[in-house]
Amino acid sequence: MRQLIIISILIFGTFVLKAQDALPKFTVTPSEIDALTENVVIEFDVTGTAVEGLTDVYIWSWAPGLNPSEMLLCYDQGSPSWGSISDNAKLEPVAGQPNKFRLSLPKTVTRAGVEVTFNNVAELFGVGDTPGKIKEFGFLLRSQDGGSGGKQTPGDMKTSITLLPLEFEPSYFRTFPAKVSKNDVVTAYLNLSLIESSENQKLSVSDAFTATVSLLDENGTVLLTSEAFETTFTSEKEHAFSFIAEMLGAFPEGKSLDDVSKCQVVFSGKVYNQDESFETVSTKVFEFDFQDYE
Amino acid sequence: MKKIFSILFVTLLLFSCQPDEIPPIGEATDYIPMLTGTWKLNKFEQIDADAESKSFPAFATVKDLTNVFPGHPYTDFSITFNPDGTFTADPGSSYMQMLTSGDWEVDDTEFPSAIILSSGSETQTIALNSLADVILGKVEFKEERKQADTGKIKIKYIYSLSKTSEL
């Protein structure tokens, strides 16, 4: 009888310990996110974990390499403190499913008496202006009580979310800066190694590229078209040329730079024949909007 | 005898622990005479702040605009800050947009962060990116383009200038 009790206690103890170690299951929507992805939902299933049965479940999260590394939801002001987690870190219960909780972005909370909205993961960790700094973040789920009577799922990055890298994506056409105002220096690039299938494929063997720029008003009416500019060939193997809207030419009477809201760029190259005659081939019209910068 | 040595040793230790006197802080730097003179632009860079924040490669983050317009180098630009508080700027053949003459002053004489140019009713504020090397005859101006609705910095321009003559 005594032996039976001991075995029962051992088995029960094993189950208890297992529950302490059990990791919460979670899903991220959309399934792949980067630091700037908006409208993210992370849903946690705490079945079988140390926090199962709690009405209020809190998230404690940190991102390696940041200082402080803790998510801003975990503390209201000053430094993060395990013993006094902010109410902002309380997860939203999923209606009708007592073991499920979720964290949804955008999330509006009050921090240090000020209302703040977090739109993406970078903002959750206070690096909204430098999102490249966060690559992944770990989390654990816990009770509000951080003392010896508190409950928590395993830490040490046992549960973590890896973010997609914020990488530069080469494209057939791009501008530098990627978004510009009509008062900025704009450089337009054509990358023929990424030529689109709908384009005249002779462009790939063309030479002596030039480019023309048109400025349009908000209705799409062309206000002026520039002369053809010579392009340069960059170390990144792109044809490029730079311009400032104001230097492109004279506006028609009654119109000025103030009326400009869009820009169109066309690249043209020459394909030489064996008899030294040539044919001019052009790209499609690339169009972009000017931004409203101060 | 041993006791006396012990007392002396402890006394010596206590005196060794006295805080050092803080040396007097020098007078505040007067940047005005250092800024006075003729400055010539030697580098003009454009930075895509979004690309910089995402740690994109250099070619997608920074562009050297110094000689981007053939026949219109930005190195043509020079500006002279006179000791009497007036200035003259010469864009040369560059597309530099700056007031060409008027008065100049700094926003804070002790810790200047901007030079304010004025001509009649027009004013232009030129942020100082770095004054660290002004004593060596080098200075950086900074211009920021911000998104109108959010105030977020989207594009930065850095103008590096060298002093060519004192006044």
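Derivation of every value follows stated rules applied to the coordinates shown; laboratory data play no part. Every value quoted in this text rests on a predicted model; they were computed, and no experiment measured them. Here the Cβ positions follow ideal geometry from the backbone for every residue, glycine too, while neighbour counts run over all protein chains shown.
Figures for the structure shown
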{"item": "Rounded Å value of the spacing that divides the Cα centres of segment B:39-80 and segment A:88-136", "result": "38 Å"}
{"item": "Calculated P(r) of segment A:191-247 - Cα pairs past 12 Å, %", "result": "73 percent"}
{"item": "Value of [θ]222 nm, deg cm²/dmol, for the protein assembly as shown, DSSP H segments ≥ 4, -39500 (n - 2.57) each, nearest 500", "result": "-3000 deg cm²/dmol"}
{"item": "Loop-located GluC sites (Glu not before Pro) in segment B:47-122 whose Cβ has at most 13 other Cβ within 10 Å (DSSP)", "result": "B:Glu110"}
{"item": "Helix axis angle, A:2-21 relative to chain A longest principal axis, alpha carbon, degrees", "result": "20 degrees"}
{"item": "Most to least packed among B:132-140, A:250-258, A:59-67 [average Cβ atoms within 10 Å]", "result": "A:59-67, B:132-140, A:250-258"}
{"item": "Convex hull volume of segment B:31-165 per residue (C-alpha atoms, cubic angstrom)", "result": "128 Å³"}
{"item": "Segment A:23-162: equivalent-ellipsoid semi-axes (sqrt of 5 x gyration tensor eigenvalues, Cα, Å)", "result": "22, 17, 15"}
{"item": "Mean projected area (nm²) of the alpha-carbon convex hull when segment A:173-289 is viewed from all directions", "result": "8.1 nm²"}
{"item": "Shape call, the protein assembly as shown: gyration tensor on alpha carbons, a/c limit 1.5", "result": "oblate"}
{"item": "Dipole magnitude of the protein assembly as shown, debye to nearest 20 (Cβ charges: Lys/Arg +1, Asp/Glu -1, about Cα centre)", "result": "2520 debye"}
{"item": "Total formal charge among the other residues, if their Cβ is under 13 angstrom from that of A:Leu223, Lys/Arg +1 and Asp/Glu -1", "result": "-3"}
{"item": "All Cα pairs of segment A:126-232, percent lying beyond 21 Å", "result": "65 percent"}
{"item": "Cα radius of gyration and Dmax for segment B:99-167 (Å)", "result": "13.6, 43"}
